[in-house]
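Student: Sharing a structure below in structure tokens format, with a few things to ask.
The values are calculated or read from the model by the stated rules, or taken from the named source; none is laboratory data. Because the structure is a prediction, the values reported are computed rather than measured. All Cβ positions, even for glycine, are placed from backbone atoms using ideal geometry, and neighbour counts span all protein chains on display.
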Amino acid sequence: MKRRKKALITGITGQDGAYLSEFLVGKGYEVFGMVRRSSLPNTGRIRHLCGGSSPGVNLLQGDLADSESIFRIVMEIRPDEIYNLGSQSHVGVSFKEPEYTADVSGIGTLRFLEAIRMFNLEKKTKFYQASTSELFGKVREIPQSEKTPFYPRSPYGVAKLFAYWTVVNYREAYGLFAANGILFNHESPLRGEEFVTRKITRGVTRVYLGLQDCLSLGNLDSRRDWGHARDYVKAMWLILRRKKPEDFVIATGRQHSVREFVEMSAKKMGIIIRWRGKGLKEVGIAYKIGRPEIDIPEKGRVKEGQVIVRIDPRFYRPSDVSTLLGNSKKARKLLGWKPEVSFGQLVEDMIVSDFELAEKEAREKSVL
Ligand code: NAP
Ligand code: F7E
């Protein structure tokens, strides 16, 4: 019988970890996930893949800030592929916890690459690094490709820059199969609720059912190239299928503002938004309420004229990335990858899923 390939995923409990582990299990891999200790269970996104009948996912205790746990895991598993998705991944939080972010998102990558060398796995183990469009930061060129110079704008971006170059250096110095996927923003119903897209879809659906009055946001004019996480994890796997390790930009090539994301989310619920005021005084008003575009009951609690979006300066960043737009021609040509989910479908997928959550919450609180 053919030996099943072993994949080790760090950050398996996160959005991408959940989609990637499902994808790799589907491909017949034996999947191992590194999980850090938490006071409450943090495996909600992968619960359906753990325990029960095989082939599922095996979880191992470890932390990117702890070399010994990493060495032990790499020694025990001797993985064919490592997907390093673990990270303090919130840009805003990285300004509050810069040292921790550098340790986990920067040095954590180095620890894994050293583990590969320490156990003589250079010829066996392929390494994928979750690099990011945040490397481009204050963009030097539009759109951004593999050749665009970097200019990170946050402790997160700087930590990821260290990780990016460490991967390149270990590839060149020691001949490791180590590659960077420079992924632009990708979202889904599994996205963490503190990222702007999920905050919006959670917020709009909760406002609709009267569970919160309005949604507080920061920079509405920030522009991002948003894709669907399910499409993007496939690219990670494809990057490790190449004969030679190389770095790839993964993006849709389309850009929208945070403001447009709010408008599209509200429109799915039948609410047309109009913006009034400027700067911190700007508000989003439910200007017209019609039939929802998705299949939900027409019993929203929002009234025409109600303020449903406000600006809260706490969500501004000391230095923000105002615009990102990716050029993924190389991936399209060499990996045969392309995004399948459009912006509108992505928003709808998230709104439908969050409406279900909001409805459940409303039922529990007897609001419905
Ligand atoms: P996410 O949902 O925030 O997940 C992050 C994962 O890292 C979680 O499993 C988290 O574990 C784990 N983690 C955090 N600190 C750790 C530590 N000290 N030791 C071990 N694990 C730790 O992030 P994501 O959206 O799935 O993103 C996956 C990766 O891609 C990240 O490296 C991110 O920086 C990068 N990235 C993301 C995007 C995007 O748009 N989503 C784009 C480009 C790059 P807990 O569950 O215990 O917190
Ligand atoms: O912010 C603005 C905010 O936190 C997007 C991570 O996965 O993608 C993600 O980083 C934009 C920023 O994502 C709020 O200022 C406005 O300009 O959803 P975000 P991000 O910073 O782009 C990259 C590629 C990664 O690698 C990261 O790991 O939206 N914004 N108002 C807000 N952002 C948040 N979070 N909350 C707000 O209320």
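Student: Scan region 213-225 for residues that are in contact with a Ser or Thr (Cβ under 9 Å, 6 or more places away or on another chain), within 8 Å of ligand 2 (Cβ to nearest atom) and not in a strand (DSSP E or B) and jot them down.
Tutor: Answer for region 213-225, where residues must be in contact with a Ser or Thr (Cβ under 9 Å, 6 or more places away or on another chain), within 8 Å of ligand 2 (Cβ to nearest atom) and not in a strand (DSSP E or B): Asn219, Leu220, Ser222.
Student: Tell me, please, whether a residue that is surrounded by fewer than 17 Cβ atoms within 10 Å (Cβ to Cβ), within 23 Å of the chain's Cα centre (by Cα) and not hydroxyl-bearing (Ser, Thr, Tyr) can be found in region 302-314.
Tutor: Looking for residues that are surrounded by fewer than 17 Cβ atoms within 10 Å (Cβ to Cβ), within 23 Å of the chain's Cα centre (by Cα) and not hydroxyl-bearing (Ser, Thr, Tyr), one finds at least one in region 302-314, hence yes.
Student: Here's something else I'd like to know. Could you tell me which numbered condition Val196 fails, if it satisfies all but one of (1) under 15 Å from the mean Cα position of the chain (by Cα); (2) crowded, with 21+ Cβ neighbours inside 10 Å; (3) near ligand 1 (Cβ under 10 Å from one of its atoms)?
Tutor: It is condition (3) that Val196 fails.
Student: While we're looking at this one, here's another question. May I ask you to list pairs of residues, at least six apart or on different chains, whose Cβ atoms are under 9 Å apart, with the first in region 124-137 being without any contact (Cβ under 8 Å) to a residue 12 or more places away in the chain and on the phi > 0 side of the Ramachandran plot and the second being hydroxyl-bearing (Ser, Thr, Tyr) and more than 15 Å from ligand 2 (Cβ to nearest atom)?
Tutor: none
Student: Pull up region 185-212, narrow it to residues that are without any contact (Cβ under 8 Å) to a residue 60 or more places away in the chain and part of a loop (DSSP other than H, G, I, E, B), then point me to the one that is nearest to Ile46 (Cα to Cα).
Tutor: Glu193
Student: Considering only region 262-346, give the strands (runs of 3 or more DSSP E) lying wholly within it that have at least 1 residues that are under 30 Å from Ser145 (Cα atoms) and within 16 Å of ligand 2 (Cβ to nearest atom).
Tutor: Qualifying strands (runs of 3 or more DSSP E): none found.
Student: Could I ask something else about it? Does region 97-114 hold any residues that are closer than 13 Å to Val167 by Cα and either more than 19 Å from the chain's Cα centre (by Cα) or outside any helix (DSSP H, G or I) (or both), and which are they?
Tutor: Result: Ile107, Leu110, Arg111, Phe112, Leu113, Glu114.
Student: If you take the residues of region 129-164 that are among the basic types (Lys, Arg) and under 25 Å from Tyr316 (Cβ atoms), which of them is surrounded by the most Cβ atoms within 10 Å (Cβ to Cβ)?
Tutor: The residue in question is Lys160.
Student: Kindly indicate which of Ser21, Ser67, Ser39 is under 17 Å from Tyr128 (Cα atoms) and either out of contact with any Asp or Glu (no Cβ under 7 Å at 6 or more places or on another chain) or of a type in the set (A, V, I, L, M) (or both).
Tutor: Only one candidate qualifies: Ser21.
Student: Then there's this: Of the conditions (1) modelled with pLDDT under 95; (2) in a helix (DSSP H, G or I); (3) polar (S, T, N, Q), Ser366 clears all except one; give me its number.
Tutor: Against the list (1) modelled with pLDDT under 95; (2) in a helix (DSSP H, G or I); (3) polar (S, T, N, Q), Ser366 comes up short only on (2).
Student: Within the bounds of region 136-157, is there any residue that is hydroxyl-bearing (Ser, Thr, Tyr) and within 14 Å of ligand 1 (Cβ to nearest atom)?
Tutor: Looking through region 136-157, at least one residue is hydroxyl-bearing (Ser, Thr, Tyr) and within 14 Å of ligand 1 (Cβ to nearest atom).
Student: Any residue in region 315-326 that's free of Cβ contacts under 8 Å to residues at least 40 places away in the same chain and over 17 Å from Ile200 (Cβ atoms): show its pairings with residues that are assigned to a loop (DSSP other than H, G, I, E, B) and within 16 Å of ligand 1 (Cβ to nearest atom) at Cβ separation under 8 Å, as long as the two are six or more apart or on different chains.
Tutor: Short answer, once both residue conditions are applied: none.
Student: Which is under 23 Å from the mean Cα position of the chain (by Cα) and either surrounded by 14 or more Cβ atoms within 10 Å (Cβ to Cβ) or more than 13 Å from ligand 1 (Cβ to nearest atom) (or both), of Val74, Val91?
Tutor: Every option except Val91 fails the conditions.
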